[in-house]
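For reference, the structure discussed in these notes is given below.
A short reminder: the numbers here are calculations on the coordinates, not readings from a lab. The shown structure was predicted, so the numbers you read here are calculated from the model rather than taken from an experiment. When we count neighbours, we look across all protein chains shown, and the Cβ atoms used for this are built from the backbone with ideal geometry, even at glycine.
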Amino acid sequence: EKYKTLLEITLVRVKHRKNLGVALNYGLAQCKYPLIARMDSDDHALPDRIALQENFFAGHPESMVLGGTIQEYVETWETPVSYRKVPIEASKIFEFSRKRNP
């Protein structure tokens, strides 16, 4: 409710319990915009994340996926305890995603 005036949010329900991949693919099929940003419920994004990613895609229209370093925290996300580097190049993201969630 808090963000209804800022952006369009459509709730999509999957009728039968499935795994996360099936649910995500179902949700993707319902999207009507050219870019999709995904976050889990326990994720926090830096304030300029979406703008940075949107600018990247604008300058690299051939790109289909974009990743970045993960900042890990314990108590508050303002004080990171470590950084997990994940692939940031498309070919390496696709390769990595065969074994783990990039």
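Assorted remarks:
- Separation of the stretch 30-74 and the stretch 1-25, taken as the distance between their Cα centroids, equals 17 angstrom.
- Residue of Gln71, Gln30, Gln53 that the Gaussian network model of the chain assigns the largest fluctuation, springs spanning Cα pairs under 10 Å: Gln30
- The mean sequence separation of alpha-carbon pairs under 8 Å and at least six residues apart, normalised by the residue count of the stretch 43-102, gives a relative contact order of 25 percent.
- Using the rule -39500 (n - 2.57) for each DSSP H run of four or more residues, divided by the residues of the chain, the 222 nm mean residue ellipticity is -8000 deg cm²/dmol.
- Checking (1) 2, 12, 21, 23, 20, 12, 6, 2, 1, 0, 0; (2) 2, 9, 15, 21, 22, 18, 11, 2; (3) 2, 10, 11, 10, 11, 12, 10, 9, 7, 7, 5, 3, 2, 1, 1, 0 against the coordinates, the calculated P(r) over Cα pairs in 5 Å bins from 0, in percent falls under label (2).
- Within the stretch 53-101, the trypsin sites (Lys or Arg not before Pro) that combine a DSSP coil assignment with at most 15 other C-beta atoms in a 10 angstrom radius are Lys85, Arg98, Lys99, Arg100.
- Taking label points 7 Å from Cα along the Cα-to-Cβ direction, Glu72 and Glu95 give a separation of 2.3 nm.
- For the pair Val86 and Ile36, a Förster radius of 22 Å applied to the C-beta separation gives a FRET efficiency near 0.75, rounded to the nearest 0.05.
- Partner lysines for Lys4 [C-alpha distance under 30 Å; skip if fewer than 8 residues away on the same chain]: Lys15, Lys18, Lys32
- Proximal aspartates and glutamates relative to Lys99, as straight alpha-carbon distance under 18 Å, when same-chain residues fewer than 8 apart are discounted: Glu89
- Spin-label pair Glu62/Asn25, simplified geometry with 7 Å Cα→Cβ offset, distance in nm: 2.8
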